[in-house]
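The values are calculated or read from the model by the stated rules, or taken from the named source; none is laboratory data. As the structure is a prediction and not an experimental result, all values here were calculated from the model. Glycine also receives a Cβ, built like all others from the backbone with ideal geometry; neighbour counts cover every protein chain displayed. Areas reflect the complete protein model, heavy atoms only, side chains present, ligands, DNA and RNA absent. Shrake-Rupley method; radii C 1.70, N 1.55, O 1.52, S 1.80 Å.
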Amino acid sequence: MERGWRPVTRLLALIWPALRTPEGEQAVFDAMLDRLDDLSPRIEAVDRGVALVDITGLGPLLGDERRIAARAVALTRGVAQLPVKAGVGDNRWLAVLAARLARPQRPDAPAAFLAIPARGGAAALAPLSLDLLPADPVTRARFALFGLTEMGQLATLPRSAVGAQFGDAGERLQQLARGQDPRPIIPRGRPERHAAHATFEPPAEGITEIALALRRLTAELCDVLRARHLAPGRATLSLRLEDAPRLRVELALPEPALEPDWIARLLIGRLEQVTRARQATEEEPRIVAIGLAFDRLADPAARQLPAFEARVGRWEELRWSLERLTMRFGEGRLWRAVHDRPSASLAERQARLTEIGPS
């Protein structure tokens, strides 16, 4: 082996077109990324529905690149069986481009795969259209004005000439046309997650019977995080049911909070909404076990909202903060002024006090 020899970096790009739409679920994509952690520790979420996986050096363990891609697809299909396009290249640009160009071998195939050979980026890109480059409409029009239609034509021009005509953006596009992309993969940090579980023997008959256990699990997790000066930004409650599919409810907190009673009560409220909709079509199944997970951990430092500053879109946060105060100090302690009679002859009759209660 020659001194200074280094293996060629190989990246696998995965694109799920269904997750790229406005209806795509971020939670599904996050779960897929978690599954890919079993393949490689270096994974980047480029955007929702687009992931990069560093597969350098995995060949001796898992086989050729097609087998590695098949392994990645199999892992993610354990979360959701969505069509996926996979591509492999020496850098992020080549890998993502290969995935974009991949075509399934059969119309009903769940996956498509294309690999650009190692150190063969320039040759593979040469006959491809310049329309594949991430250029703005003005630059595309100027390429056409100069008679440039293929990447190979742009790649072979002197860099100084490209810079003179198209500026820094043109030089970056020429670099891509040559199959070069210096941007490194930025591995995501796997989010920290704390979980607790409780089993019921015999199974619980309804939501009321699990409330005490949920409160206990919530308090235990809050105590663990409080010792580390952390608080959850999201709570997820999962129920294992008897003779029925699992049930899962998620609660995104407007700010990190260590309020076990408040979190448990809101989770129960969400659960009651879900089960109420299900009871219209089927009987309520018994609950075998529950699991509670906290993630999106952050500093629990309290924040007070400004009293007289317009905060567009912050009413939900303020409402939840008022709910917490009501839980802590009891009902009948919080009131707000409602100015609903501006035409009243007496000033004191233009407004009235209304109790703030749980919604």
Exercise. With all protein chains present, how much of the accessible area of the chain (probe radius 1.4 Å) comes from carbon and sulfur, to the nearest whole percent?
Worked result: 53
Exercise. When the convex hull of the C-alpha atoms of segment 26-69 is computed, what volume per residue in Å³ does it have?
Worked result: 69
Exercise. For segment 79-220, what is the convex hull volume of the alpha-carbon atoms per residue, in Å³?
Worked result: 231
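Dipole magnitude of segment 1-131 about its Cα centre, charges +1 at Lys/Arg Cβ and -1 at Asp/Glu Cβ only, in debye to the nearest 20? Provide the component values of the computation, followed by the final result.
Working: 17 positive and 15 negative charges, 83 e Å.
That gives a dipole near 400 debye.
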Seminar exercise, completed: Plugging the Cβ-Cβ distance of R142 and R246 into 1/(1 + (r/R0)^6) at R0 = 56 Å yields, to the nearest 0.05, a FRET efficiency of 0.50
For this session: Could you check which residue among L75, L212, L36 shows the biggest mean-square fluctuation in a GNM of the chain with a 10 Å Cα cutoff?
Result: L212
For this session: Along Cα→Cβ, 7 Å out, is where each label goes; now give me the distance between the ones at E23 and D47 in nm to one decimal.
Result: 2.0
Exercise. Helix 207-227 versus the longest principal axis of the chain: what angle, 0 to 90°, nearest 10, using Cα atoms?
Worked result: 60
Exercise. Going from most exposed to least, what order do S238, S160 have by accessible area with a 1.4 Å probe?
Worked result: S160, S238
Exercise. Between the helical axis of 260-279 and the dominant principal axis of the chain, each derived from Cα atoms, what acute angle in degrees is found, rounded to the nearest 10?
Worked result: 80
Exercise. Just one of (i) 1.21; (ii) 1.36; (iii) 1.02 is Cα Rg over 2.2 N^0.38 Å as worked out from the coordinates here. Which one is it?
Worked result: (ii)
Exercise. Given the protein chains as shown and a 1.4 Å probe, how many square angstrom of R193 are accessible, to the nearest 10?
Worked result: 150
Exercise. Taking the Cβ-Cβ separation of V274 and A347 as r and a Förster radius of 45 Å, what is the calculated FRET efficiency to the nearest 0.05?
Worked result: 0.45
Seminar exercise, completed: Rounded to whole angstroms and listed largest first, the alpha-carbon spread of segment 160-246 along its three principal axes comes to 78, 38, 16
Exercise. Accessible surface of D168 in the full protein assembly, 1.4 angstrom probe, to the nearest 10 Å²?
Worked result: 110
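So if a site counts as exposed when it's one of the chymotrypsin sites (Phe, Trp or Tyr not before Pro), its DSSP state isn't H, G, I, E or B, and it has at most 11 other Cβ atoms within 10 Å, what's the longest stretch of the chain without one?
After excluding every exposed loop site, the longest remaining stretch is 6-307.
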Seminar exercise, completed: Sorting L61, L292 on solvent-accessible surface, 1.4 Å probe, most exposed first, gives L61, L292
For this session: Figure the gain on full extension for D30 and E201 (residue separation times 0.36 nm, minus the Cα-Cα span) and round it to one decimal in nm.
Result: 58.2 nm
For this session: Please give the solvent-accessible surface of E250 in Å², to the nearest 10, using a probe radius of 1.4 Å with every protein chain present.
Result: 70
Seminar exercise, completed: Sparse-neighbourhood loop hits (trypsin sites (Lys or Arg not before Pro), segment 207-273; DSSP loop; Cβ within 10 Å at most 12 others) -> R228, R246
Exercise. At R286 and R226, where each label point lies 7 Å from the Cα along Cα→Cβ, what is the point-to-point distance in nanometres?
Worked result: 3.5
Exercise. How far, in degrees from 0 to 90, does helix 159-177 lean away from the longest principal axis of the Cα atoms of the chain, to the nearest 10?
Worked result: 70
Exercise. Under a point-charge model restricted to the Cβ atoms of Lys and Arg (+1) and Asp and Glu (-1), what is the dipole moment magnitude of the chain relative to its Cα centre, in debye to the nearest 20?
Worked result: 900
